[in-house]
Amino acid sequence: MPKTVLILGASGRFGRNCADAFAASGWQVRRFDRARDNLMQKAQDADVIVAGWNPAYPDWADQVPKLHDQIIQAALTADATVILPGNVYVFGADTPAPWGADTPHQAHNPLGMIRRRMEAAYRKAGVKTILLRAGDYLDTTPSGNWFDMMMAKTLPKGALTYPGNPDLDHAWAFLPDLARAAVALSEQRDQLRRYEDIPFPGYTLSGRQITTLLTETLQRPVKIRKMAWLPLHFLRPFMRLIPPLFEMRYLWNTPHSLTGTRFNELLPDFHPTPPKQALAAAVAHLHLT
């Protein structure tokens, strides 16, 4: 009997990539339609639930607790394992890197606290959880992430627009790799601890390292262009999305990376996509080669 995964947010970045990866591995993939589906019914007999719902930043305070409470209840009822995409928001600006499963969660800003409470809710409820924590995403298609929305748009003019200090380490994850890891960990779910916090090491790349890789990939010079935050500052009173961007700005000026200790223990044969290849896929839509 094929294993079944329920994908919440199948049209989003993480959910879409997970749907493709699970299907490629022979799983039966159910996609949840929030307009017509009932979560408790849809989760029946599911082995794994991918918690890919991700409201817009301004709606996190209201929606994140409600949505994840629903997921927790559905997972407990179905005895399903939840794949929970984690981020680095929980650590805070003053926590020395590298960040791993044992690194204290010290964020005190609003978005960081929302994530801290959400993760704690899964642990407290006793849900079988695989929290797969990653840095900023690189995708194979424009999907509203930092890289394609803010950074890569100026590549046709020979520049990578960088939001912070281009000489500092920054954590990145190529979404097809992250989704493959989610499948591989799901297939080990019966041997895992009930709550697993698994940082995905991905790539640790500074802005300058990215420009070097892009120069080699595109076979044309790419320079760093500093992102102008001042115009966004003036728009803060008028656009709900902008204040959270300023709240999380510290991540572009805080060197950080994710440890691969637990990940490598569980998936010693996992082969990540080379970073140059991942960047080529992330900029393919610009048709620069």
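No lab work stands behind these numbers, since they all come straight from the coordinates. This is a predicted model, so every value here is computed, not measured. Quick reminder, even Gly has a Cβ in these numbers, built from the backbone with ideal geometry, and neighbours come from all protein chains shown.
Between the alpha-carbon centers of region 146-222 and region 5-84, tell me the distance in whole angstrom. Between the Cα centre of region 146-222 and that of region 5-84, the gap is 23 Å. Its Kirkwood hydrodynamic radius, worked out from the mean inverse distance over all distinct Cα pairs, puts region 216-289 at 16.6 Å.
Every helix of 4 or more DSSP H residues in the chain counts as -39500 (n - 2.57), and over all residues that averages to -10500 deg cm²/dmol at 222 nm. Sites listed here are chymotrypsin sites (Phe, Trp or Tyr not before Pro) in region 61-146 whose DSSP assignment is loop and whose Cβ has at most 10 other Cβ atoms within 10 Å, and the list is empty. Each Lys and Arg Cβ is given +1 and each Asp and Glu Cβ -1; about its Cα centre, the chain then shows a dipole of about 700 debye. The angle between the Cα long axis of helix 60-78 and the main principal axis of the chain comes to about 40°, on a 0 to 90 degree scale.
Measure nothing fancy, just the Cα-based angle from helix 13-24's long axis to the longest principal axis of the chain, in degrees from 0 to 90, nearest 10. So the helix axis and the longest Cα principal axis differ by about 60 degrees. One compactness figure for region 80-171 is 1.30, namely its Cα radius of gyration divided by 2.2 N^0.38 Å.
Among beta bridges from DSSP that stay inside region 4-286, the antiparallel ones total about 5%. Working from Cα pairs under 8 Å separated by at least six residues, relative contact order for the chain is 20 percent. Normalised by 2.2 N^0.38 Å, where N is the number of residues, the alpha-carbon radius of gyration of region 70-127 equals 1.26. Normalising the Debye intensity of region 6-163 to I(0), with uniform scatterers on Cα atoms only, and taking log10 at q = 0.13, 0.17, 0.20 Å⁻¹ returns -0.69, -1.11, -1.39.
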